[in-house]
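Chemist: The structure's right below; bear with me while I get my questions together.
The values are calculated or read from the model by the stated rules, or taken from the named source; none is laboratory data. No experiment lies behind these values; they were computed from the predicted model shown. All Cβ positions, even for glycine, are placed from backbone atoms using ideal geometry, and neighbour counts span all protein chains on display.
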Protein chains: 2
Amino acid sequence: MDPQAIEISLDAVIIAVTDGSPRVLTVPGADGLPALPSGLLEPQDRTLDTALRRWVREQAGIEVGYVEQLYTFGDRERATGSGRLLSVAYLALVAEESLSESADWRPLYDFFPWEDHRDGRPALIDDQIVPALAAFSARADDPAAYEERAQIVFGTDDSTFDGVRVLERYELLYESGLLEKSPQATRVSPGERPPSKTMALDHRRIVATAFGRLRGKLTYRPVVFELLPSTFTLLQLQRLVEALAGTPLHKQNFRRLVEAGGLVEGTGEHARTGGRPAELFRFRREVLRERPRPGVGSPWIRP
Amino acid sequence: MDPQAIEISLDAVIIAVTDGSPRVLTVPGADGLPALPSGLLEPQDRTLDTALRRWVREQAGIEVGYVEQLYTFGDRERATGSGRLLSVAYLALVAEESLSESADWRPLYDFFPWEDHRDGRPALIDDQIVPALAAFSARADDPAAYEERAQIVFGTDDSTFDGVRVLERYELLYESGLLEKSPQATRVSPGERPPSKTMALDHRRIVATAFGRLRGKLTYRPVVFELLPSTFTLLQLQRLVEALAGTPLHKQNFRRLVEAGGLVEGTGEHARTGGRPAELFRFRREVLRERPRPGVGSPWIRP
DNA sequence: TCTAATAATACTCAGTCTGAGTATAAGTGC
DNA sequence: GCACTTATACTCAGACTGAGTATTATTAGA
């Protein structure tokens, strides 16, 4: 066992939004728990990026478009038998229409139920999490600092809740041992797809990183459109943003911002929607030249 | 030569602001060019973070406070004689007062002169860069896409120039071969500190990554205060933000935003400044609990 | 001591943006 | 034709922003 040997694993957080849920693509992992598609960097891989795409193709049968490097995890004491394992995590986005049926897409809010504020602040936070953190803080090294941290990341209400801090919330809960108390995955034989609140290894942490990053990017780069078909109605767009941001939005104001901001343009075509037909819009690429930081507005993250 | 062998290097971009210039700490590198403090991950390092701090301590004699992982560069074909070299880059911030005299702090705007818009958009951009890019675009695979990209990253004027896109600008210039045409470093014997427009290896690219990240973070997290002594005048704070953002700011409005936003509080003490004495302020930590994304405001990045 | 220069701080004001509505239009299913 | 659904247009008060003017407290030097 050579203590110097280092292996690099590439982990992909592939996100799509279907049926109003942001979802992450998983593959069967250890103990039947869902895992992220991942694989080792091999000598023939010219770049980390190409290696990642190769593994995603092999394991999930998907060609990803938008890809962004997230974070490198190196402090894991995970023994590989031959030394250290570093893991470089990537975020990838795929549009709704290109989902393959066979893939196992898990709703993000199954793993992070405290992140979904579309129907208001989840009762879970103030009923269970906040009291548990308060109880735990007594045992912490520095109770005051711990309580401050808890208040910063969970806020006191939705006006102080910062959607972007997904990772900080996850880590606080993890350190406090609260995640272990959550309903565990029921381990099942391969082939089944049980609902799971957890993931293999530290993959849930990686997903938290990805989710926070995506929420942040939403506000200043037009990444949402990577998750949509080429034409869409404004309500489709709104539901998508709501699903990712975890916040309800005011329909009329959303439309104003997105149209006045030059993010989209009408196609003249209309879609049947169950009510009055909605015009189909497309992403207006020129906005990239016109505005320095085009995205679906900051105000909603802090509502 | 084992093709499987992988080494991990940790590279630190340590930033401070002195005399109105954001500066990066460098050490002597190959060919007498300035380089980032860096070193290899060793088996005894428990985390990437501790390894980084160790190297910074050894090479620069500095204990860094704020540290944030930036990016992992793996596509370098840089041969190490024994295989692949991955490099995990970190951003660290140190306050003005703790600078050690012996260290070699290089102004960031020496490496990226097109980034400093404090006296308006640099003539360099429209006189040299834009025409050169236009000329180059003819030879590009897809001229239209290339020109769009050039316009997006450099904008047409300062209302469309996005300060955060430091890396994108650097990469565009690099790919276009424009950086090689810039005045080269005059290589000198070790010991001297020549002004240099370039850095060893791909370190300039890493610094560009760090600079862009810092500019972004400025607007939604109170990172500026990591770069200041514990008390400071509002003009000091303003000059610091201007130096980093590369933009001039309206004094009265800056004061209003920073005070009304609850980011700082007066100490009652005053400092001699050459004019009317200025009150000394300190960072108001409570703002973290009160506001979800406290920072020195977004509007100035898009002025 | 008086004056100019420097910097800090207070206040104003018009224009824009935001949040929260109301009102109306154009489809569907029955 | 009616109830229902969804889309879209428009309004309005309040907050925030950009760009000033005005006043105050110092220091340097005539």
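Every residue, every condition in (1) modelled with pLDDT of 95 or more; (2) more than 23 Å from B:A30 (Cβ to Cβ); (3) part of a loop (DSSP other than H, G, I, E, B), yes or no:
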| position | (1), (2), (3) |
| --- | --- |
| B:A92 | yes, no, no |
| B:Q128 | no, yes, no |
| B:A135 | no, yes, no |
| B:T156 | no, yes, yes |
| B:Y174 | no, no, no |
| B:E180 | no, no, no |
| B:R187 | no, no, yes |
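Chemist: To continue, here is another question. Only one of (1) more than 14 Å from the chain's Cα centre (by Cα); (2) assigned to a strand (DSSP E or B) fails for B:D45. Which number is that?
Modeler: So the condition that B:D45 fails would be (2).
Chemist: Provide a single number: the residues in the range B:124-179 that are among the polar types (S, T, N, Q), within 12 Å of chain A (Cβ to nearest Cβ) and out of contact with any Lys or Arg (no Cβ under 6 Å at 6 or more places or on another chain).
Modeler: Residues in the range B:124-179 being among the polar types (S, T, N, Q), within 12 Å of chain A (Cβ to nearest Cβ) and out of contact with any Lys or Arg (no Cβ under 6 Å at 6 or more places or on another chain): 3 in total.
Chemist: In addition: Take the range B:232-255 and flag every residue that is among the charged types (D, E, K, R) and closer than 21 Å to B:Y220 by Cβ.
Modeler: B:R239, B:E242, B:R255
Chemist: Further question: For the range A:231-272: of the residues being in contact (Cβ under 8 Å) with a residue 60 or more places away in the chain, away from chain B (no Cβ under 14 Å) and of a type in the set (A, V, I, L, M), which is nearest to DNA strand D (Cβ to nearest atom)?
Modeler: A:L240
Chemist: If I filter the range A:17-38 for residues that are over 20 Å from the mean Cα position of the chain (by Cα) and of a type in the set (D, E, K, R), do I get at least one hit?
Modeler: Taking every residue of the range A:17-38 in turn, at least one turns out to be over 20 Å from the mean Cα position of the chain (by Cα) and of a type in the set (D, E, K, R).
Chemist: Within the range A:86-96, is even one residue more than 18 Å from A:I206 (Cα to Cα), touching a Pro at 6+ places or on another chain (Cβ under 7 Å) and either assigned by TED's automatic domain parsing to the domain that holds A:F225 or in contact (Cβ under 8 Å) with a residue 40 or more places away in the chain (or both)?
Modeler: yes
Chemist: Let me ask you something else. Could you tell me which residue of the range A:270-284 is farthest from A:P222 (Cα to Cα), considering only residues that are more than 7 Å from DNA strand C (Cβ to nearest atom) and assigned to a loop (DSSP other than H, G, I, E, B)?
Modeler: A:T273
Chemist: Listed residues B:V64, B:V56, B:V27; which is more than 14 Å from chain A (Cβ to nearest Cβ), in contact (Cβ under 8 Å) with a residue 24 or more places away in the chain and part of a helix (DSSP H, G or I)?
Modeler: B:V56
Chemist: Which residue is surrounded by the fewest Cβ atoms within 10 Å (Cβ to Cβ), if the candidates are limited to the range B:256-268 and must be near DNA strand C (Cβ under 10 Å from one of its atoms) and modelled with pLDDT under 95?
Modeler: B:R256
Chemist: Here is a further query. Does the range A:13-21 include one or more residues that are exposed (fewer than 13 other Cβ atoms within 10 Å of the Cβ) and in contact (Cβ under 8 Å) with a residue 24 or more places away in the chain?
Modeler: yes
Chemist: Report yes if some residue within the range B:281-288 is within 11 Å of DNA strand D (Cβ to nearest atom) and more than 16 Å from B:V17 (Cβ to Cβ); otherwise report no.
Modeler: No, that holds for no residue.
Chemist: All but one of (1) under 30 Å from A:T26 (Cβ atoms); (2) touching a residue at least 40 places away in the same chain (Cβ under 8 Å) hold for A:A150; which doesn't?
Modeler: The failed condition is (2).
Chemist: Also, I was wondering about something else. Can A:L288 be described as of a type in the set (A, V, I, L, M), surrounded by 14 or more Cβ atoms within 10 Å (Cβ to Cβ) and more than 10 Å from DNA strand C (Cβ to nearest atom)?
Modeler: yes
Chemist: Evaluate the following for B:V224: is it in contact (Cβ under 8 Å) with a residue 60 or more places away in the chain, outside any helix (DSSP H, G or I), of a type in the set (A, V, I, L, M) and buried (at least 20 other Cβ atoms within 10 Å of the Cβ)?
Modeler: Answer is no for this residue.
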